[in-house]
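**Student:** Structure below; questions to follow.
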Amino acid sequence: MSEELMRRIVESLALPNGRPVGSAGHDRARAYLLGQMEAAGLEGSDADCRFELPFRVGGQEFCNLIGRLPGRDPTQNPMLIGAHYDTHGEQPGADDNAAAIAIALTAIPQLRDLGLQRTILIAFFDSEEMPWYLSPRMGSIHFYREQRQEPIHFALIMDLVGHDVPLPGLQDLLFLTGMESDPGLESIVKDNRKTQGIRLVPTLNSYIGDLSDHHAFRLDRRPYLFFSCGHWEHYHQTTDTPEKLNYSKMISIRDFLIATIRQADASPLDGPFEGYNTTPTEIEFMKEAFEPYLQELGIQLTSRPEVDKLVQSLLSMGL
């Protein structure tokens, strides 16, 4: 049933003309998401209990959608699960980023059942795509600077999480960055390495840069994780359609997300921010994931320079 529900959510969002800011498809997506957030029993995020947080920059109107899943202790800083809902032009955007939205929405019932101490903010950010990307008009940046009501304990951001990694034998990989932002996150990643259906590949955010909405959180030195399956041939194409996604893998990513949030709720995550060496853990995970490729490339993978070499090889493959 979960896979069917995820598929329905993706199909409802991933319409042929896409969801670019200011389009009819963007308006339809916003209305659909508002209905889903209400049906999930989320609370509004502002003083008037609204999900919609509109903003205007340079004459252009945008709207973040933020809901609250209340925790048991309102004095604790909240956690945030985020994904953008706009598309890069008139394309369906099934993987980019309806898949992440489906994972977040279908996680809500299980997250509620955990009875967490901290409130969880479910954030569907506007205007992540170009030309808004990394500008003051980017939804997550505006939220963090202008709309946020309290410090964020931990942010988990997803983008491009619906597809198989397009390399033989590596289809089940999930890449993540941000483990380096707090030692407690390294423990969480290691504790959940055996999540069924996916293999985790933690690596440094500095290899790829701030590719999505974790940017504002990282700049403010907040603990974060960014989940992605990397680029593939349908990235920013009209062929990014619902039937190409792996919904079973998305279920596994959702399970890992829930486990991560559960442990982050109970972890102080008090730093140091990017102040310790994650190389041994990266090597441990990469050896497990890339063993055949390491032999082919002649990489022993015992040091940071060899990790550099492997990552550059993967980037050259278009991931």
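The values are calculated or read from the model by the stated rules, or taken from the named source; none is laboratory data. Since we're looking at a predicted model, the values are computed, not measured. Heads up, the Cβs are rebuilt from the backbone with ideal geometry, glycines too, and the neighbour counts pull from every protein chain shown.
**Student:** Among the numbered criteria (1) farther than 22 Å from residue 165 by Cα; (2) modelled with pLDDT of 95 or more; (3) not assigned by TED's automatic domain parsing to the domain that holds residue 117, which single criterion is violated by residue 285?
**Tutor:** (1)
**Student:** Within segment 16-44, can you find the residues that are over 21 Å from the mean Cα position of the chain (by Cα), more than 30 Å from residue 70 (Cα to Cα) and not small (Gly, Ala, Ser)?
**Tutor:** 16, 17
**Student:** Any residue that is more than 19 Å from the chain's Cα centre (by Cα) and either in contact (Cβ under 8 Å) with a residue 40 or more places away in the chain or over 21 Å from residue 47 (Cβ atoms) (or both) - is there at least one of those in segment 92-102?
**Tutor:** No, because not a single residue in segment 92-102 is more than 19 Å from the chain's Cα centre (by Cα) and either in contact (Cβ under 8 Å) with a residue 40 or more places away in the chain or over 21 Å from residue 47 (Cβ atoms) (or both).
**Student:** Of all residues in segment 168-183, count the ones that are under 12 Å from residue 271 (Cα atoms) and in contact with a strand residue (DSSP E or B) (Cβ under 9 Å, 6 or more places away or on another chain).
**Tutor:** 4
**Student:** Looking at (1) modelled with pLDDT of 95 or more; (2) surrounded by fewer than 16 Cβ atoms within 10 Å (Cβ to Cβ); (3) out of contact with any helix residue (DSSP H, G or I) (no Cβ under 8 Å at 6 or more places or on another chain), which is the one condition that is false for residue 175?
**Tutor:** Failing condition for residue 175: (2).
**Student:** Moving on. If you check 140, 127, which single one turns out to be modelled with pLDDT of 95 or more, closer than 30 Å to residue 20 by Cβ, part of a loop (DSSP other than H, G, I, E, B) and among the hydroxyl-bearing types (Ser, Thr, Tyr)?
**Tutor:** 127
**Student:** So, in segment 1-34, exactly how many residues are in a helix (DSSP H, G or I) and either of a type outside the set (S, T, N, Q) or under 16 Å from residue 124 (Cβ atoms) (or both)?
**Tutor:** 22
**Student:** In segment 153-172, how many residues are under 17 Å from residue 291 (Cβ atoms) and either modelled with pLDDT of 95 or more or among the aliphatic types (A, V, I, L, M) (or both)?
**Tutor:** Residues in segment 153-172 being under 17 Å from residue 291 (Cβ atoms) and either modelled with pLDDT of 95 or more or among the aliphatic types (A, V, I, L, M) (or both): 5 in total.
**Student:** Return the total of residues in segment 293-319 being surrounded by fewer than 12 Cβ atoms within 10 Å (Cβ to Cβ) and part of a helix (DSSP H, G or I).
**Tutor:** 5
**Student:** Now for a different question. Can you tell which of 238, 278, 260 is surrounded by 16 or more Cβ atoms within 10 Å (Cβ to Cβ), more than 14 Å from the chain's Cα centre (by Cα) and in contact (Cβ under 8 Å) with a residue 60 or more places away in the chain?
**Tutor:** The conditions single out 278.
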